[in-house]
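A.B. asks: So that we are looking at the same thing, I have put the structure below in structure tokens.
Coordinate-derived values only; no laboratory data. Computed from a predicted model, the values in this text were never measured in an experiment. Positions of Cβ are generated from backbone atoms using ideal geometry, with glycine treated the same way; all protein chains shown enter the neighbour counts.
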Amino acid sequence: MIRFEENFSLKAFNTLGIEAKARYFFEFTEMEDLPYFLANFPDWEKLPVLLLGGGSNMLFVSDFDGLVLHANVPGVQQVKEDRNHVWIEVGAGENWDRFVEYCVGQWLGGIENLSLIPGNVGAAPVQNIGAYGVEVCDYVETVKGFDMKTFEEYEIPASECRFGYRDSIFKHELKNRFVVTSVVFRLDKFVEYKLGYGDLKAEVERRGGENIHFVRDAVIAIRESKLPDPEKLGNAGSFFKNPVVVNDVATKLKDGFPAMPIYPAGDGESKLAAGWLIEQCGWKGFREGDAGVHEKQALVLVNYGKASGKDIFELAVRIQQDVFNRFGVQLEPEVNILGA
């Protein structure tokens, strides 16, 4: 199935619920449809191009005067198995949490800590999504897709994806060039649970102990207690990354602010809690018009209904400035901001 429209509303394609329009919008469910479309729409080379999945990590500050490509490729299939692992190929258009639910139902471990993260599978390696001590890069085998520059299909092994903290090669050299059409994941038959983050272990124990279903249930319960459902309240999850600083800077911050949570990040660096920094500056629960900061989690900016992308962006800038003025730490957005 394909769909091609002009002046297309993107409100349903971003979880912040921002009203913005794309000059052109092309959706496809079969890989072969993309090169055919591009070959028959030569003007695309003169336009900005945006690869859009579920829009769970996107802020549109204005309309997008270009071509939006939406890879809505379906499919979940096992492609390989050995004594310890199962390899599953998943279409870019599949819902991420439904895929996690499927794996848990099959007793295949690794990504259960990533339950309830909004968005589609195709965006998972791009953003290198992570939560509760797990990053998706640890379970990605290969990323398959189409290169719009060379007009070739190929697959990129995880070792060449340059995964980092909420980062990958798809946000740099291959940004808006390599269209992810499917991802192959390597899941564990014998699960080693990672429960060291926050209250996760206690929540799992409360449910009966280490069991992949209990871990998923615990993660969902914790997330729902802190994070708003984007179907009920527009948001893009964590709006800012947790800042990473060298250990000397972290030590000085800890001396000045003893209650500041600091976590080891390896390689002589430490990770700070962006939500804590924002909360200390008094932003938690703030609302101005329909743009605000969530009352339970200061890291989440929300749209109460009719906020514009500009409203959300200007609020984010004010928060960044306040945090920098007080702590000397620059917050970096985790969401992709377009049109600012």
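A.B. asks: Lysine pairs in the range 144-293 with Cα distance under 18 Å, only those 8 or more apart or on different chains: how many are there?
C.D. replies: Here the count comes out as 12.
A.B. asks: Same structure again: Which length gain, in nm to one decimal place, applies between LYS175 and VAL79 when the Cα-Cα distance is subtracted from 0.36 nm times their residue separation? Intermediate values should be presented prior to the final figure.
C.D. replies: Working: separation 96, 0.36 × 96 = 34.56 nm, distance 2.76 nm.
Between LYS175 and VAL79, full extension yields 31.8 nm more.
A.B. asks: Test of understanding: what is the full-extension gain from TYR154 to ARG326, defined as 0.36 nm times their sequence separation minus their Cα-Cα distance?
C.D. replies: On the way: separation 172, 0.36 × 172 = 61.92 nm, distance 4.73 nm.
Contour length minus the Cα-Cα distance gives 57.2 nm.
A.B. asks: In the calculated pair distance distribution of the range 2-71, what percentage of Cα-Cα distances lie above 18 Å?
C.D. replies: Values: 773 of 2415 pairs.
Summing the P(r) of the range 2-71 above 18 Å gives 32 percent of all pairs.
A.B. asks: Cα extents of the chain along the three principal axes, largest first, in whole Å?
C.D. replies: Largest to smallest, the principal-axis extents are 61, 52, 37 Å.
A.B. asks: Using +1 on the beta carbon of Lys and Arg, -1 on that of Asp and Glu, and nothing else charged, what's the dipole of the chain about the Cα centre, debye to 20? Don't jump to the answer; show the numbers that get you there.
C.D. replies: On the way: 36 positive and 51 negative charges, 182 e Å.
Computed charge dipole of the chain: roughly 880 debye.
A.B. asks: Still on this model: Could you let me know the centre-to-centre spacing of the range 74-106 and the range 33-68, using Cα atoms, in angstrom?
C.D. replies: Here the answer is 28 Å between Cα centres.
A.B. asks: Let me ask you something else. Taking the number of other C-beta atoms within 10 Å as the exposure measure, put SER168, SER159, SER270 in order starting with the fewest. Numbers along the way, then the final one.
C.D. replies: On the way: SER168 23, SER159 9, SER270 20.
Going from least to most buried by this count: SER159, SER270, SER168.
A.B. asks: Next up: List, largest first, the extents of the alpha carbons of the range 76-226 along their principal axes, each in whole Å.
C.D. replies: Here the Cα extents, ordered largest to smallest, are 53, 35, 23 Å.
A.B. asks: If R₀ is 22 angstrom, what is the calculated FRET efficiency for the pair LYS254 and ASP138, using the beta carbon separation as r and rounding to 0.05?
C.D. replies: 0.15
A.B. asks: While we're looking at this one, here's another question. In deg cm²/dmol, rounded to 500, what helix-only [θ] at 222 nm does the chain give when every DSSP H run of at least 4 residues adds -39500 (n - 2.57) and the total is split over its residues?
C.D. replies: -7000 deg cm²/dmol
A.B. asks: Take each uninterrupted DSSP H stretch in the chain, measure its Cα extent along the helix axis, and return the ones at 15 Å or beyond whose mean Kyte-Doolittle hydropathy is at least -0.5.
C.D. replies: Values: long enough: 212-226 (22 Å, 0.29); 309-327 (27 Å, -0.15).
Qualifying helices: 212-226, 309-327.
A.B. asks: Let me ask something else about it. Please find the FRET efficiency linking GLU205 to ASP43, where r is the Cβ-Cβ separation and R0 is fixed at 51 Å, and quote it to the nearest 0.05. Don't skip to the answer; put the middle values down first.
C.D. replies: Numbers: r = 59 Å, r/R0 = 1.15.
Taking R0 as 51 Å, the efficiency between GLU205 and ASP43 is 0.30.
A.B. asks: Under a point spin-label approximation (7 Å from Cα along Cα-to-Cβ), what is the ARG23-VAL246 distance to one decimal in nm?
C.D. replies: Between ARG23 and VAL246, the label points sit 4.4 nm apart.
A.B. asks: I need the phi-derived Karplus couplings for the range 131-148: 6.51 cos²θ - 1.76 cosθ + 1.60, θ = phi - 60°, integer Hz, Gly and Pro marked x.
C.D. replies: Result, rounded to whole Hz: 5, 6, x, 10, 10, 5, 4, 5, 10, 8, 8, 8, 10, 9, x, 10, 8, 6.
A.B. asks: With all distinct Cα pairs included, what does the Kirkwood hydrodynamic radius of the range 196-340 come out to in Å, to one decimal, could you say? Working shown, then result.
C.D. replies: Values: mean 1/r = 0.0601 Å⁻¹.
When all Cα pairs of the range 196-340 are included, the Kirkwood radius is 16.7 Å.
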